[in-house]
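Here the structure comes first, spelled out in structure tokens, and everything after it is commentary.
The values are calculated or read from the model by the stated rules, or taken from the named source; none is laboratory data. Remember, predicted model here, so these are calculated numbers, not experimental data. Cβ: placed from backbone, ideal geometry, glycine included. Neighbour counts: every protein chain shown. Only protein heavy atoms, including side chains, enter the accessible area calculation; ligands, DNA and RNA are left aside. Shrake-Rupley method; radii C 1.70, N 1.55, O 1.52, S 1.80 Å.
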Amino acid sequence: MVSRPFSRSAWLIAYTLVVTLLCIFVFTGNGLMDTVAFVALLVPLFMASDFDKTDPRVGGLVLAFVLLCALPVIGMRNTFYLDVAIQVGIFAVLALGLNIVVGFAGLLDLGFVAFFAVGAYLWAIVSSPHGAALLGAGFPLQGDAFFVIVIVAIFVAAGAGALLGLPVLRLKGDYLAIVTLGFGEVIRVLANNLDKPVNITNGPQGIAGIAQPLTEAARVLATDTAVPAFRWQALIYYAVVLALVLVAVLANRRLDSSSIGRSWVAIREDEIAAQAMGVPLVRTKLIAFATGAAFAGTMGVLFAAKQTFVSPESFDFNQSIGILAMIVLGGLGSIRGVMMGAGLVTILNLQILKSLSAGLNHLRATGFEILGWSFANLPTQFEPSKYERLIFGLILIAMMLYRPRGLVPAERRPISARDAGRAS
């Protein structure tokens, strides 16, 4: 007789293989059905990561297969899917960073995208022709310096996070949210206006021509394999994002079970009681701000390199709200839930709504009719992609009404003092 856990694992393996084969041999374009198949391929990631219900060995095998085999193969055939996976990875790390500040420490931060902008502009300035005009000889840096600047960005963004944390240590709740919102706007306005008297950010025009990492490796691979270099470049970005996501998850798990993680939770639950128990409020809050900001700064560098262009519009208030919504949707303080929320929101914005709009446009262009009514009469204002925020808002309202703790609520497991000391 087959045991239940084995049955679930067997179904998971069979489902993953079938969907992968469909994505490789049947759905290879950008239509609505292709989007459905691609989303179906990501479902095993969520199921396999639930190690309480799935055999950890099977779960790990499925995760490795989808992330290291299926997605790269499908993405090399159609780089749009690889691009979506990269965007999901970028926002997953951003959400994990904000989860430390909001989910673990309970410090409501509405200006989180400011640290993302710090990392992006750092790499944009030192690796673009604009940087050569601003900084002089020795610049712009070549793409190979990307990995060095990633490390530099960790400290620069963490320093910016500490600077934000210092003046707001006595604030909490609504007051803290307003201050962090103001900080985010300050960074955006500075990026928009620091083009005079010294042109640092190039103002509203943004900075173009940003160097990409490992371009020479992509060219060599293209020469050896007859596969276009841009496909290899996309795969390189995917590998870098995957590595950063892995580091972010491990760091979150480590911090969550550490003594500093317990201190964050204590502050979140009752700041006065935490202080009475000997938790140093100043240091603990600063570490939360700095750690979350370091995550955002790192991904800012990657974002700038991938886009090869940055401008203030990429770092507006809506981005901060979007990242905050990801962790609320997934589950505050839940690492697995936060990653799921980031994936859902990003795929909804980048793929599902745009595919629905493309499908409606096709029906409108072909004059498809239902019960005598032609889609050619459908106004362009009904395209789902134009209602991105509306649909997003409705989803959040439904979540708050029916699952206020998120799709995957955080679980606080008991931990001994010895384990906490070992993890710290």
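Relative intensity of region 282-424 on a log10 scale, I(q)/I(0) at q = 0.18 Å⁻¹, equals -1.20, per a Debye sum over C-alpha point scatterers of equal strength in the absence of solvent. In whole angstrom, region 4-152 maps to an equivalent ellipsoid with semi-axes of 37, 22, 14, each derived as √(5λ) from the alpha carbon gyration tensor and ordered largest first. By the Stokes-Einstein formula, at 1.306 mPa s and 10 °C, the chain with its Kirkwood radius over alpha-carbon pairs has D equal to 69 µm²/s.
Counting only lysines at least 8 places from residue 172 when in the same chain, those with an alpha carbon closer than 30 Å to its own are 285.
Across the accessible surface of region 184-237, with the other protein chains kept in place and a 1.4 Å probe, carbon and sulfur atoms take up 65 percent. Counting charges near residue 165 (Lys, Arg +1; Asp, Glu -1) among other residues having Cβ under 14 Å from its Cβ returns a value of +3. Annotation for residue 64 and residue 148: the two label points, set 7 Å from Cα along the Cα-Cβ direction, are 3.5 nm apart. Using R0 = 22 Å, the C-beta based FRET efficiency linking residue 270 and residue 400 works out to 0.40.
Which residues in region 67-96 place their backbone N less than 11 Å from a point set 7 Å from the Cα of residue 250 along the Cα-to-Cβ direction? Counting backbone N atoms under 11 Å from the label point, the list is empty. Each of residue 313 and residue 227 was given a label point 7 Å from its Cα along the Cα-to-Cβ line. The distance between the two points is 3.3 nm.
Applying both filters, DSSP loop and at most 14 other Cβ atoms within 10 Å, to the chymotrypsin sites (Phe, Trp or Tyr not before Pro) of region 22-78 gives 51.
Entry comment: accessible area of the chain is 48 Å² per residue, from protein heavy atoms only and a probe of 1.4 Å. In this calculation the C-beta distance from residue 50 to residue 371 is compared with R0 = 51 Å, giving a FRET efficiency of 0.70. Would you mind getting me the FRET efficiency between residue 199 and residue 25? Use the beta-carbon distance for r and R0 = 51 Å, nearest 0.05. Once rounded, the FRET efficiency stands at 0.45. In angstrom, the C-alpha Rg and Dmax of region 151-305 are 20.3, 66.
Accessible area of residue 340 (1.4 Å probe, protein heavy atoms only, ligands and nucleic acids ignored): about 50 Å². In region 31-60, which residues have a backbone nitrogen under 17 Å from the label point lying 7 Å from residue 361's Cα in the Cα-to-Cβ direction? Those under the cut-off are 31-35. Fraction of C-alpha pairs exceeding 17 angstrom in region 37-87: 34 percent, rounded to a whole number.
Over region 171-249, the alpha carbon radius of gyration divided by the compact-protein estimate 2.2 N^0.38 Å works out to 1.72.
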